[in-house]
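Encoded as structure tokens, the structure appears first; notes follow it.
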Amino acid sequence: MNIIELIKNGESKTLELKEKLPASQKLAATAVAFSNTAGGKIIIG
């Protein structure tokens, strides 16, 4: 699945979409949450 398809499908348990780069603590919290569950992707921009 390419990045356009991921974005069209929207956020889910394993996909987080961010318009802007969040503060490092928020980004780290999201990454840790994904790593503690089923993994995932964070798309920024």
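Structural remarks
- Scanning region 1-18 for residues that are at pLDDT 95 or above, loosely packed, with under 10 Cβ neighbours inside 10 Å and assigned to a loop (DSSP other than H, G, I, E, B) gives a single hit, Gly10.
- Subset tally (residues that are exposed (fewer than 10 other Cβ atoms within 10 Å of the Cβ) and either part of a helix (DSSP H, G or I) or of a type in the set (Phe, Trp, Tyr) (or both)) for region 19-28: 2
- Those residues of region 1-22 which are out of contact with any Leu (no Cβ under 8 Å at 6 or more places or on another chain), over 20 Å from Ser35 (Cα atoms) and among the polar types (S, T, N, Q), in sequence order: Asn2
- Residue list for region 4-21, restricted to those being within 13 Å of Gly40 (Cα to Cα) and in contact (Cβ under 8 Å) with a residue 12 or more places away in the chain: Leu6, Lys13, Thr14, Leu15, Glu16, Leu17
- Candidate set from region 29-45 (those that are under 11 Å from Leu17 (Cα atoms) and loosely packed, with under 12 Cβ neighbours inside 10 Å); member that is farthest from the chain's Cα centre (by Cα): Gly45
The values are calculated or read from the model by the stated rules, or taken from the named source; none is laboratory data. Keep in mind it's a predicted model, so treat the numbers as computed, not measured. Backbone-built Cβ (ideal geometry, glycine too); neighbour counts: all protein chains shown.
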